[in-house]
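Enquirer: Below is a structure I'd like to ask you about.
We did not get these values from a lab; they are worked out from the coordinates using the rules stated. It should be emphasised that the depicted structure is a prediction, and the values quoted were computed from it without experimental measurement. As a convention, Cβ positions derive from the backbone with ideal geometry for all residues, glycine included, and neighbour counts pool all protein chains shown.
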Amino acid sequence: MDRDTIGDLADSHPLPHDAEFSAASPRDAAKAKTISERALIVTQGKHRFYSLVLPSDLLAQTCTVEARAENPADGFQRLLDERRARSIARYIDAGLGTVPGAVVLSAQTRAHLSYDKDDGALTFRKDPKAFLIIDGQHRVFGFKLAKSSVSVPVVIYNRLTRAQECRLFMDINTKQRPVPNELLLDIRRLSELETETEALLHNVFDAFHTREDSALAGFLSPAERKKGMISRVTFNAALRSIKGAFDGAPAEEVYVVLNAYILACRHGLGLHAIDQNIANPVLFKALMLLFTNVAGRVADRHGGQYTVRNFEEVLVPFFRRLKKSDLPRAGMTHIMLHEHYSKALSAGFLLKQWLFA
């Protein structure tokens, strides 16, 4: 396992003096409600858990969660998101995917968990509350909703107290780092799962990132979020708001028009020596929302000739009315900023200082 905390649980139960081992063979157990599967004992320092593979439909029949809404005194699990679970179920039923992450469980007393060290078999009762899910509740819920059954890697802790279960849950859910959204966008391209819109935005971003004439040269961070840089996620969110203006257009044409527009915006900001503020996410998104308004005026005046000069004809008077300190104040969203910018562009009134920090 690659979780940071599974192997370093300060509060997990230490190795008992073989009290957990059973001398009886699993074959002697009642067959109707008893499951026996081969398992490995994994020992890390003074702590131990079992590692095995179980059918997903069996997990669905023997695992439970204790949500805080149902048991606020002792419960620590999050509420289940049925939409997320159904997505997992569809993924499994499609038969093309894989869910390799281990489900982490805590055996409850009603599981009657025992381990035969001679056969290497872990035995437990097939009880609907045999195991408490520590990590993987949505996967198990998805298994329950799925029509198909798959083999699932499972980690089982035994004889944990409720406090230890809570500590384990907390460690797993606070010390794991999720995959950055920027990286997920690159992975979607590599896995050939991009939609047509995603592919367009990806190609336009790459053009702005690599072209020498790019108005955003030096301001883009394709793989991660960096302060003072526009990430791929921020860029995509900004362009999605105006994607209707580019229906059917190739990435090259979108780049040419947007590059001219952003250059004009930077020139306008440059009147106040704040052109580098183009990388402010709120300001960038607000200016992108303003694009359709400005582009419409350029089209009316110049027959759709979207040059830097024609964009400046519309934008420069607007930017001249701004003050050097005209940046979004704390708490202001790009929607709020765009509304004020749009009114200023249309009515020609001076933006009031109280709108900005």
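Enquirer: Once the Cβ-Cβ distance between Ala245 and Thr161 is put in as r, and R0 is 56 Å, what FRET efficiency do you end up with, to the nearest 0.05?
Expert: Computed FRET efficiency for Ala245 and Thr161 comes out at 0.40.
Enquirer: For the cross-link pairs Lys46/Lys117; Lys226/Lys343; Lys243/Lys285; Lys33/Lys144, which exceed 24 Å when the distance is taken from alpha carbon to alpha carbon?
Expert: Lys226/Lys343
Enquirer: Near Glu312, within a Cβ-to-Cβ distance under 14 Å, what is the net charge of the other residues, with Lys and Arg +1 and Asp and Glu -1?
Expert: Net charge in that neighbourhood comes out at +3.
Enquirer: Working out 0.36 nm times the residue gap between Ala237 and Lys117, then minus their Cα-Cα distance, what length gain in nm do you get to one decimal?
Expert: Result: 37.6 nm gained on full extension.
Enquirer: Using a Förster distance of 56 angstrom, determine the FRET efficiency expected from the C-beta separation of Thr210 and Lys129, and round it to 0.05.
Expert: The value I calculate is 0.50.
Enquirer: Add +1 for every Lys or Arg and -1 for every Asp or Glu among the other residues with Cβ under 11 Å from the Cβ of Arg38, and state the total.
Expert: Summing Lys/Arg as +1 and Asp/Glu as -1 gives -3.
Enquirer: Here's something else I'd like to know. Starting from 0.36 nm per residue, how many nanometres of slack lie between Gln61 and Met170 once their C-alpha separation is accounted for?
Expert: Taking Gln61 through Met170 to full extension adds about 36.8 nm, to one decimal.
Enquirer: Once you have the Cα-Cα distance between Arg297 and Ser148, take 0.36 nm times their residue separation minus that, and quote the gain in nm to one decimal.
Expert: In short, 48.0 nm is gained.
Enquirer: Right, here's the next one. Between Glu253 and Tyr91, what's the calculated FRET efficiency when r is the beta-carbon distance and R0 is 56 Å? Round to 0.05.
Expert: It comes to 0.95.
Enquirer: Order these peptides, 82-88, 52-58, 278-284, by their mean beta-carbon neighbour count within 10 angstrom, highest first.
Expert: Ranking the peptides 82-88, 52-58, 278-284 by packing returns 278-284, 52-58, 82-88.
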